[in-house]
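Here, each number is a calculation from the coordinates, and none is a lab measurement. Just so we're clear, the structure is a prediction, and the values are computed from it rather than from any experiment. Heads up, the Cβs are rebuilt from the backbone with ideal geometry, glycines too, and the neighbour counts pull from every protein chain shown.
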Amino acid sequence: MRVDYSPESLGAGAFYRLLTSVVVPRPIAWVSTLAPDGETANLAPHSFFTVACTDPPVVQYTVVGRKDSLRNVEDTGEFVVNLAPEPLLAEINATATEFPRDQGEFDAVGIEREPSLRVRPPRVAASPVALECTLHSTLRLGNSTVVFGRVVHAAVREDVLVDGRPDIGRLRPLARLGGNEWSTVGEVHELARVPYRGRV
Ligand SMILES: Cc1cc2nc3c(=O)[nH]c(=O)nc-3n(C[C@H](O)[C@H](O)[C@H](O)COP(=O)(O)O)c2cc1C
C-alpha cells in the first residue's frame, strides 16, 4: 500500500514539506555574496544545491522567493560556495535568520572571513572548502530562481587532503533533511563501478 499525494490537493506549502522530506540528504552550500555597496557581506545556507555541469565547472543553488543571496548575485555577478562543516552547525543555522539587507550575516553572527582569490565576496575562514563563482545565468521557475555559477577557483584547506584528495572524514559536511532536521555523514562504503562486459 502507498499513500498518494498530488500537489493540487495537498497545496504548495504541504507539498514543499513533503518534497524536502523525501529529497534527502541534501548538501548545504553556505553562500557568501557582497551587497552592491561592496561592504556588506552576506552569508546564507542553501540546500537546493548541486553540480550543474562538469566542463565548464558550474554549480547551482535555488533561492525560493527574493532574498539577499539572489539580489546580491544579480547585482554583482559573484558568489562563493563555502562547504558547511559539522563543527559550525550553530553558526550556519544563525546565518539563516532573515537579517535586513544592510546587515551582513558575517558581522551579525560573528563569522571570521578571509579574502577570496578570484572574486570579491569573502570566504568563510573556518570552512575547509570554498568554490569561487561568477554568475553564469539564472532561471526563473515559479516562485524560485535557480542560480548557476561558473566555478573559477577552488580553495581547499591542506589539512583535509589525504593523498591529494579531499577526505570525507576530514571535511565532515552537514546535510539538510526534512523540516528542521540536519544530518552528518554516516558509514562510508567504497565500491568500484562494474564495467560492461558484453552480453553472455
Ligand atoms: C540548512 C538550511 C538550508 C536552506 N536552504 C535554502 C534553499 O535551498 N533555498 C532558499 O531559498 N532558502 C534556504 N534556506 C533558508 C535561507 O537560508 C534563509 O531564508 C536566509 O535567511 C536567506 O538569507 P538571505 O536573505 O541573506 O539570502 C535554508 C535554511 C537552512 C537552515
Output the peptides 123-134, 177-188 sorted from most to least packed, where packing is the average of other Cβ atoms within 10 Å over each peptide's residues.
123-134, 177-188
When the C-alpha atoms of the chain are aligned to their principal axes, what extent does each axis show, in angstrom, from largest down?
63, 51, 32
Summed residue charge, Cβ within 11 Å of residue 111's Cβ, Lys/Arg positive, Asp/Glu negative
-3
Quick note, the range 1-86: a/c under 1.5 would make it rounded; otherwise a/b > b/c is prolate and the rest oblate (a ≥ b ≥ c, C-alpha gyration tensor); here it is prolate
Would you kindly give the portion of the calculated P(r) for the range 70-148 that falls above 22 Å, as a percent of all Cα pairs?
29 percent
Say R0 is 22 Å: what FRET efficiency, to the nearest 0.05, do residue 170 and residue 125 get from their beta-carbon distance?
0.85
Pop a pseudo-label 7 angstrom from the Cα along the beta-carbon direction at both residue 188 and residue 157 and give the gap in nm to one decimal.
1.6 nm
